[in-house]
Amino acid sequence: SVGIEYSRPIGNRAALAKHRQLQLAQARSVNLLDAFEQNVAYEIAEKINSVQLAFAKFESSLRQLGEAQEWVRLSRARYQNPPDELGPDALLISLVDYQNAIQAHVDALFSTAQDLSEYNARLCEIGELEGILLENWGISLHCEQP
């Protein structure tokens, strides 16, 4: 009886397949990371735009507050010295103007405070996105194990 055995290496198909599979997984991971980076960059850019808008709104409120203060100053002077050309109702007209000026000043002050708080909130959101909020305030978190 004679036995013959013939063997020929057919290559490292399993190892090559595993290598290709790992390369494909790496390419997917790189693509996911790139997409995540783009999303984060877009989100930060959007928050920066909202901060700029909030600051512009705050500056506008400050200008309105200054104008309201000037109106109060002028209407107070008119109320203290009513003009004669308005006739017998000069004091009443000056009083109504002074009251409207004070109301406009209060409204402008309230609007300015709201816009400032909105601006500060937007700044905090950017700090939160950047991950530096805790570091800036010197806050460190410690977890104790029971």
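The values are calculated or read from the model by the stated rules, or taken from the named source; none is laboratory data. As the structure is a prediction and not an experimental result, all values here were calculated from the model. Quick reminder, even Gly has a Cβ in these numbers, built from the backbone with ideal geometry, and neighbours come from all protein chains shown. Just the protein is used for accessible areas: all its heavy atoms, side chains included, with ligands, DNA and RNA removed. Shrake-Rupley method; radii C 1.70, N 1.55, O 1.52, S 1.80 Å.
Structure summary
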item: In Hz, Karplus ³J(HN,Hα) per residue of region 66-74 (6.51, -1.76, 1.60; θ = phi - 60°; x = Gly, Pro); result: x, 5, 5, 5, 5, 5, 4, 4, 5
item: Contact order relative to length of the chain, as percent, for alpha carbon pairs under 8 angstrom and 6 or more apart; result: 29
item: Contour excess over end-to-end distance, with Cα ends at R63 and Q114 and 0.36 nm allotted per residue; result: 16.9 nm
item: Of [x] 15.8; [y] 16.6; [z] 22.7, the label for Kirkwood radius over Cα pairs in Å derived from the coordinates; result: [z]
item: Karplus 3J(HN,Hα) series, Hz, for region 79-88 with 6.51 cos²θ - 1.76 cosθ + 1.60 (x for Gly, Pro); result: 5, 6, 10, x, x, 6, 5, 7, x, x
item: Whole-Hz ³J(HN,Hα) from phi, Karplus 6.51 cos²θ - 1.76 cosθ + 1.60, for region 33-48, glycine and proline x; result: 5, 4, 5, 5, 4, 5, 5, 5, 4, 5, 5, 5, 4, 5, 5, 5
item: Whole-percent carbon and sulfur share, accessible surface of the chain, 1.4 Å; result: 57
item: Dipole axis of region 7-51 (+1 Lys, Arg; -1 Asp, Glu on Cβ), positive-most option in F36, I48, S7; result: S7
